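K.L.:
My questions will all concern the structure given below.
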Amino acid sequence: MRPKAELHLHIEGTLEPELVVELALRNRLELPTFDPEAIRARYDFADLQSFLDIYYENMAVLRTEQDFYDLAAAYLRRAQDQGVRRAEIFFDPQAHLVRGVPLEVVFGGLTAALKDSPVSADLILCFLRDRGAEEAERVLRAALPYREGFIGVGLDSAEVGYPPSLFRRVFEIAAAEGLHRVAHAGEEGGPDYVWEALDILHVSRVDHGIRAMEDPALVARLRDERIPLTVCPLSNVRLRAVPSLQDHVLPAMLDEGLLVTINSDDPAYFGGYVEDNYRALQRELGMTDDQLDLLARNSLEAAFA
Ligand code: ADE
Ligand code: ZN
(Lines give C-alpha, C1' and ligand atoms only; values in the text may rest on other atoms or scores of the structure.)
(Ligands and ions follow the chains in the order given, each with its own letter.)
Protein backbone atom coordinates (compact mmCIF):
# COMPACT_ATOMS: atom_id res chain seq x y z
CA MET A 1 0.00 0.00 0.00
CA ARG A 2 1.32 3.48 -0.84
CA PRO A 3 2.84 5.26 2.18
CA LYS A 4 0.93 8.38 3.07
CA ALA A 5 0.19 10.98 5.72
CA GLU A 6 -3.26 11.72 7.07
CA LEU A 7 -3.57 15.43 7.82
CA HIS A 8 -7.33 15.95 8.19
CA LEU A 9 -8.78 13.53 10.70
CA HIS A 10 -11.00 14.35 13.68
CA ILE A 11 -10.31 11.76 16.35
CA GLU A 12 -13.93 12.06 17.55
CA GLY A 13 -14.95 11.29 13.97
CA THR A 14 -13.34 7.85 14.27
CA LEU A 15 -15.82 6.80 16.97
CA GLU A 16 -17.42 3.72 15.38
CA PRO A 17 -20.97 2.75 16.49
CA GLU A 18 -19.58 -0.44 18.09
CA LEU A 19 -17.35 1.69 20.34
CA VAL A 20 -20.24 4.08 21.11
CA VAL A 21 -22.14 1.07 22.48
CA GLU A 22 -19.14 -0.38 24.32
CA LEU A 23 -18.35 2.93 26.04
CA ALA A 24 -22.00 3.61 26.91
CA LEU A 25 -22.20 0.22 28.63
CA ARG A 26 -18.85 0.72 30.38
CA ASN A 27 -19.89 4.18 31.62
CA ARG A 28 -23.49 3.13 32.42
CA LEU A 29 -25.00 5.69 30.05
CA GLU A 30 -28.36 5.56 28.29
CA LEU A 31 -28.48 5.49 24.49
CA PRO A 32 -31.53 5.72 22.20
CA THR A 33 -30.40 2.30 20.88
CA PHE A 34 -27.64 -0.17 21.76
CA ASP A 35 -27.66 -1.66 18.26
CA PRO A 36 -24.64 -0.41 16.27
CA GLU A 37 -26.46 -0.94 12.97
CA ALA A 38 -29.37 1.20 14.18
CA ILE A 39 -26.90 3.95 15.10
CA ARG A 40 -25.28 3.66 11.66
CA ALA A 41 -28.68 3.82 9.98
CA ARG A 42 -28.99 7.45 11.14
CA TYR A 43 -25.93 8.50 9.12
CA ASP A 44 -27.77 10.07 6.22
CA PHE A 45 -26.71 13.70 6.23
CA ALA A 46 -28.22 16.70 4.48
CA ASP A 47 -25.31 19.04 5.20
CA LEU A 48 -22.48 19.74 7.67
CA GLN A 49 -24.79 20.74 10.53
CA SER A 50 -26.93 17.60 10.34
CA PHE A 51 -23.73 15.57 10.71
CA LEU A 52 -22.37 17.73 13.54
CA ASP A 53 -25.59 17.22 15.55
CA ILE A 54 -25.03 13.43 15.62
CA TYR A 55 -21.24 13.74 15.96
CA TYR A 56 -21.57 15.79 19.17
CA GLU A 57 -24.36 13.55 20.48
CA ASN A 58 -22.36 10.33 20.02
CA MET A 59 -19.16 11.65 21.56
CA ALA A 60 -20.99 12.09 24.89
CA VAL A 61 -19.95 8.48 25.66
CA LEU A 62 -16.31 9.63 25.96
CA ARG A 63 -15.84 10.19 29.68
CA THR A 64 -12.58 8.76 31.01
CA GLU A 65 -8.92 8.78 30.06
CA GLN A 66 -9.30 5.14 29.10
CA ASP A 67 -12.14 6.07 26.68
CA PHE A 68 -9.96 8.62 24.89
CA TYR A 69 -7.05 6.15 24.88
CA ASP A 70 -9.19 3.40 23.35
CA LEU A 71 -10.61 5.77 20.71
CA ALA A 72 -7.19 6.97 19.55
CA ALA A 73 -5.55 3.52 19.80
CA ALA A 74 -8.27 2.04 17.56
CA TYR A 75 -7.75 4.78 14.95
CA LEU A 76 -3.97 4.44 14.99
CA ARG A 77 -4.19 0.67 14.42
CA ARG A 78 -6.49 1.24 11.45
CA ALA A 79 -4.26 4.02 10.14
CA GLN A 80 -1.30 1.64 10.11
CA ASP A 81 -3.39 -0.90 8.17
CA GLN A 82 -4.22 1.84 5.66
CA GLY A 83 -0.58 2.69 4.93
CA VAL A 84 -0.48 5.84 7.08
CA ARG A 85 3.09 6.71 8.14
CA ARG A 86 2.23 10.03 9.75
CA ALA A 87 -1.04 11.28 11.29
CA GLU A 88 -1.73 14.86 12.40
CA ILE A 89 -4.91 14.43 14.39
CA PHE A 90 -7.57 17.01 15.24
CA PHE A 91 -9.41 16.97 18.54
CA ASP A 92 -12.22 19.17 19.87
CA PRO A 93 -11.54 19.94 23.56
CA GLN A 94 -14.53 22.32 23.85
CA ALA A 95 -16.92 19.52 22.89
CA HIS A 96 -15.70 17.66 25.99
CA LEU A 97 -15.30 20.63 28.35
CA VAL A 98 -18.97 21.59 27.86
CA ARG A 99 -19.91 18.09 29.08
CA GLY A 100 -17.75 18.45 32.18
CA VAL A 101 -14.83 16.35 30.91
CA PRO A 102 -11.63 18.17 31.93
CA LEU A 103 -8.69 18.85 29.60
CA GLU A 104 -6.52 16.63 31.79
CA VAL A 105 -8.67 13.61 30.89
CA VAL A 106 -8.72 14.40 27.16
CA PHE A 107 -4.98 15.10 26.91
CA GLY A 108 -4.14 12.21 29.23
CA GLY A 109 -5.93 9.59 27.16
CA LEU A 110 -5.00 10.90 23.72
CA THR A 111 -1.32 11.55 24.41
CA ALA A 112 -0.90 8.12 26.06
CA ALA A 113 -2.35 6.45 22.95
CA LEU A 114 -0.04 8.49 20.69
CA LYS A 115 2.94 7.46 22.79
CA ASP A 116 2.07 3.78 22.16
CA SER A 117 1.26 4.42 18.48
CA PRO A 118 2.57 2.19 15.69
CA VAL A 119 2.71 5.28 13.40
CA SER A 120 4.15 8.76 13.93
CA ALA A 121 1.34 10.96 15.23
CA ASP A 122 0.69 14.35 16.83
CA LEU A 123 -2.34 16.35 17.92
CA ILE A 124 -3.84 19.59 16.58
CA LEU A 125 -6.21 21.35 18.97
CA CYS A 126 -9.30 22.66 17.14
CA PHE A 127 -11.52 25.54 18.19
CA LEU A 128 -15.25 25.14 17.61
CA ARG A 129 -15.94 28.25 15.56
CA ASP A 130 -19.65 28.35 16.48
CA ARG A 131 -18.69 28.77 20.16
CA GLY A 132 -16.95 32.05 19.41
CA ALA A 133 -13.54 33.63 19.75
CA GLU A 134 -13.57 34.44 23.46
CA GLU A 135 -14.11 30.83 24.45
CA ALA A 136 -11.44 29.75 21.95
CA GLU A 137 -8.95 32.05 23.67
CA ARG A 138 -9.87 30.71 27.12
CA VAL A 139 -9.44 27.14 25.90
CA LEU A 140 -6.06 27.86 24.34
CA ARG A 141 -4.81 29.45 27.56
CA ALA A 142 -6.16 26.52 29.58
CA ALA A 143 -4.36 24.12 27.20
CA LEU A 144 -0.96 25.81 27.48
CA PRO A 145 0.05 23.68 30.51
CA TYR A 146 -0.27 20.76 28.03
CA ARG A 147 1.75 22.59 25.36
CA GLU A 148 4.02 19.58 24.82
CA GLY A 149 0.92 17.55 23.97
CA PHE A 150 -0.04 19.33 20.72
CA ILE A 151 1.75 20.81 17.71
CA GLY A 152 -0.85 23.16 16.30
CA VAL A 153 -4.30 24.70 16.34
CA GLY A 154 -7.18 24.41 13.90
CA LEU A 155 -10.68 25.75 13.39
CA ASP A 156 -13.66 23.50 12.78
CA SER A 157 -17.42 22.95 13.32
CA ALA A 158 -20.20 25.01 11.64
CA GLU A 159 -18.48 27.20 9.06
CA VAL A 160 -20.96 29.59 7.46
CA GLY A 161 -21.55 32.66 9.65
CA TYR A 162 -18.30 32.13 11.58
CA PRO A 163 -15.58 33.53 9.30
CA PRO A 164 -11.88 33.07 10.13
CA SER A 165 -11.45 36.80 10.82
CA LEU A 166 -13.32 36.37 14.14
CA PHE A 167 -10.40 34.27 15.39
CA ARG A 168 -7.51 36.62 14.55
CA ARG A 169 -6.44 37.12 18.16
CA VAL A 170 -6.44 33.51 19.28
CA PHE A 171 -4.43 32.55 16.21
CA GLU A 172 -1.93 35.33 17.04
CA ILE A 173 -1.52 33.85 20.51
CA ALA A 174 -1.04 30.40 18.97
CA ALA A 175 1.62 31.80 16.61
CA ALA A 176 3.48 33.38 19.54
CA GLU A 177 3.48 29.95 21.20
CA GLY A 178 5.16 28.47 18.13
CA LEU A 179 2.10 26.41 17.18
CA HIS A 180 1.28 25.42 13.60
CA ARG A 181 -1.96 26.94 12.32
CA VAL A 182 -4.59 25.39 10.04
CA ALA A 183 -8.30 26.08 9.51
CA HIS A 184 -11.32 24.53 7.87
CA ALA A 185 -12.28 26.96 5.11
CA GLY A 186 -14.11 26.60 1.82
CA GLU A 187 -15.99 23.43 2.80
CA GLU A 188 -19.42 25.09 2.85
CA GLY A 189 -18.13 28.68 3.10
CA GLY A 190 -17.05 30.58 -0.01
CA PRO A 191 -13.60 31.59 -1.27
CA ASP A 192 -13.68 34.64 1.04
CA TYR A 193 -13.29 32.25 4.00
CA VAL A 194 -10.14 30.81 2.43
CA TRP A 195 -8.71 34.29 1.78
CA GLU A 196 -9.31 35.20 5.43
CA ALA A 197 -7.71 31.98 6.67
CA LEU A 198 -4.58 32.85 4.65
CA ASP A 199 -4.40 36.61 5.18
CA ILE A 200 -5.73 36.96 8.73
CA LEU A 201 -5.01 33.62 10.44
CA HIS A 202 -1.81 32.96 8.43
CA VAL A 203 -2.56 29.26 8.18
CA SER A 204 0.04 27.01 6.58
CA ARG A 205 -2.59 24.49 5.36
CA VAL A 206 -6.23 24.88 4.38
CA ASP A 207 -8.65 22.13 5.46
CA HIS A 208 -11.07 21.25 2.62
CA GLY A 209 -10.68 24.43 0.54
CA ILE A 210 -12.74 22.99 -2.31
CA ARG A 211 -14.67 26.23 -2.87
CA ALA A 212 -11.38 28.04 -3.49
CA MET A 213 -11.80 26.71 -7.02
CA GLU A 214 -14.50 29.36 -7.59
CA ASP A 215 -11.89 32.14 -7.46
CA PRO A 216 -9.04 32.06 -10.03
CA ALA A 217 -6.94 34.62 -8.13
CA LEU A 218 -7.17 32.46 -5.01
CA VAL A 219 -6.23 29.35 -7.00
CA ALA A 220 -3.14 31.20 -8.28
CA ARG A 221 -2.21 32.20 -4.73
CA LEU A 222 -2.56 28.63 -3.43
CA ARG A 223 -0.48 27.30 -6.33
CA ASP A 224 2.24 29.96 -6.18
CA GLU A 225 2.72 29.59 -2.42
CA ARG A 226 2.31 25.80 -2.52
CA ILE A 227 -0.24 25.91 0.27
CA PRO A 228 -1.49 22.38 1.00
CA LEU A 229 -5.21 21.64 0.86
CA THR A 230 -6.50 18.72 2.91
CA VAL A 231 -9.35 17.45 0.74
CA CYS A 232 -11.78 14.80 2.02
CA PRO A 233 -13.65 13.30 -0.95
CA LEU A 234 -16.00 10.85 0.81
CA SER A 235 -16.82 13.50 3.43
CA ASN A 236 -17.71 16.02 0.71
CA VAL A 237 -20.12 13.56 -0.88
CA ARG A 238 -21.73 12.44 2.39
CA LEU A 239 -22.17 16.06 3.61
CA ARG A 240 -23.38 17.09 0.17
CA ALA A 241 -20.71 19.69 -0.38
CA VAL A 242 -20.61 18.06 -3.85
CA PRO A 243 -23.46 16.13 -5.52
CA SER A 244 -21.28 13.07 -6.24
CA LEU A 245 -17.64 12.03 -6.51
CA GLN A 246 -17.93 12.46 -10.28
CA ASP A 247 -18.70 16.15 -9.68
CA HIS A 248 -15.78 16.70 -7.32
CA VAL A 249 -13.29 19.49 -8.11
CA LEU A 250 -10.33 17.32 -7.12
CA PRO A 251 -9.23 16.55 -10.73
CA ALA A 252 -9.47 20.27 -11.53
CA MET A 253 -7.39 21.07 -8.43
CA LEU A 254 -4.68 18.69 -9.67
CA ASP A 255 -4.87 20.21 -13.17
CA GLU A 256 -4.27 23.62 -11.57
CA GLY A 257 -1.13 22.28 -9.92
CA LEU A 258 -2.41 22.65 -6.35
CA LEU A 259 -0.78 20.77 -3.49
CA VAL A 260 -3.78 18.56 -2.77
CA THR A 261 -3.85 15.79 -0.16
CA ILE A 262 -6.48 13.10 0.46
CA ASN A 263 -7.93 12.53 3.92
CA SER A 264 -10.84 10.85 5.67
CA ASP A 265 -12.17 13.66 7.97
CA ASP A 266 -14.62 11.59 10.08
CA PRO A 267 -14.22 8.04 8.75
CA ALA A 268 -16.64 6.37 11.18
CA TYR A 269 -19.41 8.51 9.65
CA PHE A 270 -18.48 8.82 5.99
CA GLY A 271 -18.00 5.24 4.87
CA GLY A 272 -14.26 4.90 4.73
CA TYR A 273 -10.78 5.45 6.12
CA VAL A 274 -8.05 7.21 4.17
CA GLU A 275 -7.05 4.37 1.82
CA ASP A 276 -10.77 3.85 1.12
CA ASN A 277 -10.85 7.47 -0.09
CA TYR A 278 -7.94 6.78 -2.48
CA ARG A 279 -9.69 3.64 -3.75
CA ALA A 280 -12.94 5.54 -4.33
CA LEU A 281 -11.02 8.02 -6.50
CA GLN A 282 -9.63 5.15 -8.54
CA ARG A 283 -12.98 3.38 -8.83
CA GLU A 284 -15.28 6.34 -9.42
CA LEU A 285 -13.04 8.95 -11.04
CA GLY A 286 -10.73 6.59 -12.89
CA MET A 287 -7.67 8.12 -11.23
CA THR A 288 -4.44 6.42 -12.22
CA ASP A 289 -1.81 4.90 -9.93
CA ASP A 290 0.49 7.80 -10.86
CA GLN A 291 -2.12 10.33 -9.76
CA LEU A 292 -2.73 8.50 -6.49
CA ASP A 293 1.02 8.24 -5.89
CA LEU A 294 1.31 12.00 -6.40
CA LEU A 295 -1.50 12.61 -3.88
CA ALA A 296 0.26 10.36 -1.35
CA ARG A 297 3.62 12.11 -1.92
CA ASN A 298 1.86 15.46 -1.49
CA SER A 299 0.55 14.34 1.90
CA LEU A 300 4.05 13.46 3.12
CA GLU A 301 5.35 16.82 1.84
CA ALA A 302 2.50 18.73 3.51
CA ALA A 303 2.98 17.08 6.92
CA PHE A 304 4.48 19.18 9.70
CA ALA A 305 6.82 16.34 10.68
N1 ADE B 1 -15.85 18.62 12.72
C2 ADE B 1 -15.72 17.33 12.40
N3 ADE B 1 -15.76 17.19 11.06
C4 ADE B 1 -15.92 18.42 10.52
C5 ADE B 1 -16.01 18.94 9.21
N6 ADE B 1 -15.98 18.15 8.12
N7 ADE B 1 -16.18 20.25 9.05
C8 ADE B 1 -16.24 21.04 10.10
N9 ADE B 1 -16.14 20.62 11.37
C10 ADE B 1 -15.96 19.32 11.58
ZN1 ZN C 1 -12.83 18.26 9.11
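K.L.:
Enumerate the pairs (first residue in region 263-281 and within 13 Å of ligand 1 (Cβ to nearest atom); second residue anywhere and among the acidic types (Asp, Glu)) with beta-carbon separation below 8 Å, excluding pairs fewer than 6 apart on the same chain, so at least 6 apart or on different chains.
P.N.:
Short answer, once both residue conditions are applied: 263/6; 264/6; 264/276; 266/12; 267/276; 268/16.
K.L.:
Have a look at 258, 222 and point out the one that is away from ligand 2 (no atom under 13 Å from the Cβ), assigned to a helix (DSSP H, G or I) and surrounded by 15 or more Cβ atoms within 10 Å (Cβ to Cβ).
P.N.:
222
For (1) within 16 Å of ligand 2 (Cβ to nearest atom); (2) among the small types (Gly, Ala, Ser); (3) touching an Asp or Glu at 6+ places or on another chain (Cβ under 9 Å); (4) modelled with pLDDT under 95, each residue gets a yes or a no:
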residue: 55; (1), (2), (3), (4): yes, no, yes, no
residue: 59; (1), (2), (3), (4): yes, no, yes, no
residue: 73; (1), (2), (3), (4): no, yes, yes, no
residue: 77; (1), (2), (3), (4): no, no, no, no
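K.L.:
While we're on this one: May I ask you to list pairs of residues, at least six apart or on different chains, whose Cβ atoms are under 6 Å apart, with the first in region 114-125 being in contact (Cβ under 8 Å) with a residue 24 or more places away in the chain and the second being assigned to a loop (DSSP other than H, G, I, E, B)?
P.N.:
Once the first residue is in contact (Cβ under 8 Å) with a residue 24 or more places away in the chain and sits in region 114-125, its partners that are assigned to a loop (DSSP other than H, G, I, E, B) give 122/151; 123/150; 125/150.
K.L.:
I would also like to ask the following. Taking the criterion of being more than 25 Å from residue 74 (Cβ to Cβ), in contact (Cβ under 8 Å) with a residue 24 or more places away in the chain and surrounded by fewer than 20 Cβ atoms within 10 Å (Cβ to Cβ), would at least one residue in region 226-234 satisfy it?
P.N.:
yes
K.L.:
Return yes when residue 243 is assigned to a helix (DSSP H, G or I) and at pLDDT 95 or above and no when it is not.
P.N.:
Taking the combined requirement at face value, the residue does not satisfy it.
K.L.:
Filter region 6-41 for residues that are more than 16 Å from ligand 2 (Cβ to nearest atom), of a type in the set (D, E, K, R) and closer than 22 Å to residue 79 by Cα and give the result.
P.N.:
16, 18, 22, 40
K.L.:
Can you tell me which residues in region 222-236 are closer than 10 Å to residue 212 by Cβ and within 14 Å of ligand 1 (Cβ to nearest atom)?
P.N.:
Residue satisfying the conditions is 229 alone.
K.L.:
Can you name the residue in region 6-28 that is among the aliphatic types (A, V, I, L, M) and surrounded by fewer than 22 Cβ atoms within 10 Å (Cβ to Cβ) and is also farthest from ligand 1 (Cβ to nearest atom) among such residues?
P.N.:
Out of the qualifying residues, it is 25.
The values are calculated or read from the model by the stated rules, or taken from the named source; none is laboratory data. Keep in mind that what you see is a predicted model, and the values were worked out from it rather than measured. Ideal geometry is used to build each Cβ from the backbone, glycine not excepted, and the neighbour counts take in all protein chains shown.
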